[in-house]
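Structure first, commentary second.
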Amino acid sequence: MQKILDLISEEMKQAFEAAGYDPELGKATLSNRPDLCEYQCNGAMAGAKKYRKAPLAIAQEVAENLQNSETFSQVDAVAPGFLNMKVKESFVRDYLRDMSGADKFGFQTPESKKIIIDYGGPNVAKPLHVGHLRSGIIGESIKRICRYAGHDVIGDIHLGDWGLQMGLIITELHKRQPDLIYFDDSYEGEYPKEAPFTISELEEIYPTASAKSKEDDSYKADAMDATYKLQSGVRGYRALWDHIIAVSVADLKKNYANLNVEFDLWKGESDVHDIIPGMVEEMKKGGYAYESDGALVVDVKEETDTKEVPPCMILKSDGASLYNTTDLATIMDRMENFHPDRLIYLTDKRQDLYFEQVFRCARKTKLVNEDTELVHIGFGTMNGKDGKPFKTREGGVMRLENLIREINEEMIRKIRDNAQTKGYEIDVEQARETAKIVGLAAIKYGDLSNQASKDYIFDLDRFTSFEGDTGPYILYTIVRIKSILAKFEEQGGKLTDIVIQEAVNDPEKSLMLELTKYNAMMEMVCEEIAPHKICAYIYDLANVFNRFYHETKILTETDNDRKAGWIALLKLTKEILETCIELLGFSAPDRM
């Protein structure tokens, strides 16, 4: 289905051509003066020099050709040469009827691609904290947007599950429980299915071990030795590692479920450990990798660089691999097993240079195809009101589950206060379940309404408000529409027997015109991978709907056809709002 601006532009182009001018001058845009008109065209200004004619004269000729238009109710040529247009109510009505009956409201999906999104990236054995929030929220929304656009998308958490941190945990376990059979080299039986630690114990063990290794060289040496044994395949150490992964992943899944974030793959650095030697050898054979100060590197600088781009280090001087090595091996593994057209990585934007190096290295060493897209989406930090990275009141890094709990408690309070203000009782359990839904919207909308690359202030009071540019405000709008539709059915109306009618007042037409922008918005969101543009759109849509709601007596309207037309308009509004919040990763309750 064509975008409404394309349809309007087509008619404008025909009018320019009929007047003897280049039809490409007829491109229409949304008006930047909505108080004067709905759409505008500045083509006459651009054509003035080419045709050596006053722009106003050109505009007047074009306007004359549109006087009997089926699309426009008004076309004015305005000095110094603008064309201001308003569209007919019947044109908008017909467009929305087509949208209502079309799959995805007429959104035209691009050519399907195979996409892998690498997001999440937490380390095992450590609790999720607010620093993990953005990658999960943004990544989940991008995954949903890409799938909506028709792409085949795989989301991978890419766990930090290998390296010294594992050796530190195993070393501390050895110090605390030296008699565990995992440390008995002579043991040949089956290891217990139950882990010798809980997630709470595991989360305490790692920071303790990390602190000890910084103060005690012998302790760090033991940890490095344990890491070597693990990576060399020592049975007991591998069995302990299996327990660490199982306990950690179970906890991660629970916490990510609270964010409505899901991964298709639960792979980690360990999954490519065994293919690194072969990859490194191929880089050497191909003449890409060479030794520099004992380390193995690949030059990735290019002639067009305006800043220094250091070589990509593949192995350290002691032969140990790095994050670069693991990420390159992961790219190779993904290309061999999934054949993606595009790889999207989400991390802190401070890693821009790192990913530039890795991507260039992957291309230079031919780990990817020439047409494989490698995309890094760097996001800003979530800050407190002081403008610094978000902390607890005590100054520590806040655990993600505590942040979610704090928001849910605030939402329970506001939901109960709202019910009391409106004079109805709300069940405590119902309030708790509603608070989870609305609290998630507060978190996700609060994050996603900002451009990903920008830092933003996490303001609990503002994000949980039922007013303003917030998730709860969007949900409140949807709930209001649900209530009206339910009452219409209670009055005997049927939601299947209604069609959108011509607008009879300005607020109604404004709502209808806002709905027509959906396809253009979604096209831009998919092209730019920009969830924040969905937020901007639904905030505008919610505002124009609420203006229409406050100025229109919908359910008490005595003209049944008109009432049914309004209900059809509300139904489409609800469906578009619900589609948008689904792409953002949250849903709406039935009552607030």
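The values are calculated or read from the model by the stated rules, or taken from the named source; none is laboratory data. These numbers were taken from a predicted model, which means no experiment stands behind them. All Cβ positions, glycine included, derive from the backbone under ideal geometry; neighbour counts span all protein chains shown. We work out accessible area using only protein heavy atoms, side chains counted, and drop any ligands, DNA or RNA first. Shrake-Rupley method; radii C 1.70, N 1.55, O 1.52, S 1.80 Å.
Backbone amide hydrogens, once placed in the peptide plane, bring S292 within less than 5 Å of V297, excluding anything fewer than 5 places away on its chain.
A 1.4 Å probe run over the protein chains yields, for segment 544-591, 43 Å² of accessible area per residue, whole-number rounding.
With a 1.4 Å probe and all protein chains left in place, how much of the accessible area of the chain comes from carbon and sulfur atoms, in whole percent? Carbon-and-sulfur percentage of accessible area, whole number: 46. Per-residue packing, averaged as other Cβ atoms within 10 Å, sorts the ranges 188-194, 117-123 into the order 117-123, 188-194, beginning with the highest.
Where does the charge balance sit around M382 when Lys and Arg score +1, Asp and Glu -1, over other residues with C-beta under 15 Å from its C-beta? Summing Lys/Arg as +1 and Asp/Glu as -1 gives +4.
Three principal axis extents describe the C-alpha atoms of segment 46-109; from largest down they are 47, 27, 16 Å. With the highest mean first, a sort of the peptides 581-587, 209-215 on other beta-carbon atoms found within 10 angstrom per residue produces 581-587, 209-215. Its convex hull of Cα atoms gives segment 77-147 a direction-averaged projected area, equal to a quarter of the hull surface, of 10.4 nm². Histogrammed with a bin width of 10 Å, the alpha carbon distances of segment 112-244 distribute as 12, 34, 26, 18, 9, 1 percent, first bin at zero. Heavy atoms of the protein chains alone define the surface here; on that basis segment 27-125 has 50 Å² accessible area per residue at 1.4 Å probe size. The Cα center of segment 494-525 and the Cα center of segment 251-265 differ in position by 36 Å.
Remark: segment 171-275 carries 56 Å² of accessible area per residue (probe radius 1.4 Å; ligands, DNA and RNA excluded). For the chain, the 222 nm mean residue ellipticity estimated from helices alone, with every DSSP H stretch of n ≥ 4 adding -39500 (n - 2.57) and the total spread over all residues, rounds to -17000 deg cm²/dmol. Compared with the direct C-alpha span, the chain from E201 to D341 gains 46.2 nm at full extension, assuming 0.36 nm per residue. Computed from the Cβ-Cβ distance with R0 of 30 Å, the FRET efficiency linking E575 to T29 stands at 0.65.
At a Förster radius of 45 Å, what calculated FRET efficiency corresponds to the Cβ-Cβ distance of L36 and R363, to the nearest 0.05? That gives a FRET efficiency of 0.35. The H on the amide N of I457, modeled in the peptide plane, is under 5 Å from the matching H of N383, each at least 5 residues off or on a different chain. If you take all other residues with their beta carbon under 9 Å from the beta carbon of L555, and give Lys and Arg +1 and Asp and Glu -1, the sum is +2.
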